[in-house]
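Below: the structure, in C-alpha cells.
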Amino acid sequence: MAQNKLVDAHCHLETFKKSQLEELPKDIIPVTSGYSHGSNVRTLRIAKELEVPFCMGIAPQTVLKEGKGHLGEWMQFIADNPPNAIGEVGLDYHWGKTGAEHKLEEEVFLEMIMLAQKMDLPLVLHSRDAENKCLDILEEQNWKKPFMMHFFAGTLDEAARAVDMGGIISIVGFHSKKRRKVIDEIPLEKLVVETDAPYVTRNIDGVFLAIDYISEVTGIPREEVGKATAENAATFFNIRL
C-alpha cells in the first residue's frame, strides 16, 4: 500500500514526543484532534507546523473535569482558527454518571453543534455509551452535514442509524463481536480507519491494524480497503490525498 496515501482519521499528535513527530510515516496522513482548550491550542500549533488536517472541540470528558465557565472563550478560539471539523465532541455516559453530569455534557454538545453549523463544518463525535442519544440530539437540531462516529463501539443498529443520517463510522484495530458485525454489514464507502494514537496504538502506523481487520472480515483486499478508507476520510475532512 506504500504507493497510496492512507489516512488516520483520528489521533492526538499534540501528545506525541518530539522524536515520534519526527518519525511519522510519510505515507499516512494523520488527522489530529483536540478535545479541550489546552489540547486545541497545541493541536493547532502542531497541525500548522506539520501541515496536516486537524479538528478542534470540547469533548464531554473535558466538560466533566473543567466545567463550562470558559466555554465562550474556548469556542471563540475555534472560530478564529477554522479546523477541518469540529471534534471531538459529544456525550460520554461511561464517565458521566448522574443526571446533572448528563445535562452538562448535553448543553456543551449543543453549543458545539451550533458552532459547527455556524462554521459550516462536519462533526467528529465521541459517543461512549451514548450513541443513540447523540443521534437523537443531531436529529432534534436538524443536523444535515456529515458526521463521523469516532472509535465506534456501539451496536450494528446504531451504526446503521448513523449511516442513514449521513454519518460515517470510524474503525480501530481492536477486535470485538460488535465491531465485527459493523464491519461486516456497513458498506466500505461509509467506513474510515483511525488509531486514536497514542492512547490506543502508540503511533499512526497502527492504522494498518484497522485496515487489516476490515480486510479480514469483508474479504476485500487490504490495498482496496486502504484506498477506499483514505478517500472516504479525504472527502469528509475536505483534504487532498
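Suppose we keep only residues that are farther than 24 Å from D92 by Cα and in contact (Cβ under 8 Å) with a residue 12 or more places away in the chain within region 46-76. Which one would you say is nearest to the chain's Cα centre (by Cα)? Ranking the qualifying residues of region 46-76, first place goes to P53. Listed here are the helices (runs of 4 or more DSSP H) enclosed by region 141-241 that have at least 2 residues being surrounded by fewer than 19 Cβ atoms within 10 Å (Cβ to Cβ) and on the phi > 0 side of the Ramachandran plot, and there are none.
From the residues in region 93-143 that are touching a residue at least 24 places away in the same chain (Cβ under 8 Å), out of contact with any Cys (no Cβ under 8 Å at 6 or more places or on another chain) and polar (S, T, N, Q), which one is farthest from A160 (Cα to Cα)? Only one residue fits best here, namely Q117. Only one entry of A210, A160, A197 meets the criterion of being within 14 Å of the chain's Cα centre (by Cα) and farther than 18 Å from P60 by Cα, and that entry is A197. It is to be established whether one or more residues within region 42-54 are of a type outside the set (D, E), at pLDDT 95 or above and within 20 Å of S127 (Cβ to Cβ). Scanning region 42-54 turns up no residue that is of a type outside the set (D, E), at pLDDT 95 or above and within 20 Å of S127 (Cβ to Cβ).
Of all residues in region 97-131, those satisfying the criterion of being in a helix (DSSP H, G or I) and acidic (D, E) are E101, E105, E106, E107, E111, E131.
Taken over region 79-117, residues that are of a type in the set (D, E, K, R), touching a Gly at 6+ places or on another chain (Cβ under 7 Å) and over 20 Å from V31 (Cα atoms) amount to 1. All told, A79 meets the bar of being closer than 30 Å to L104 by Cα and either in contact (Cβ under 8 Å) with a residue 40 or more places away in the chain or assigned to a strand (DSSP E or B) (or both).
V200 meets each of the listed conditions (1) without any contact (Cβ under 8 Å) to a residue 40 or more places away in the chain; (2) under 16 Å from A153 (Cβ atoms); (3) out of contact with any Ser or Thr (no Cβ under 9 Å at 6 or more places or on another chain) apart from (1). Close Cβ contacts (under 9 Å, 6 or more residues apart or on different chains) running from residues in region 152-181 that are under 19 Å from N142 (Cβ atoms) and charged (D, E, K, R) to residues that are outside any strand (DSSP E or B) and at pLDDT 95 or above comprise R161/E131; R161/N132; R161/L135. Out of curiosity, is F77 aromatic (F, W, Y) and crowded, with 24+ Cβ neighbours inside 10 Å? No.
The values are calculated or read from the model by the stated rules, or taken from the named source; none is laboratory data. All figures in this text were calculated on a predicted structure; none of them were measured in a lab. As a convention, Cβ positions derive from the backbone with ideal geometry for all residues, glycine included, and neighbour counts pool all protein chains shown.
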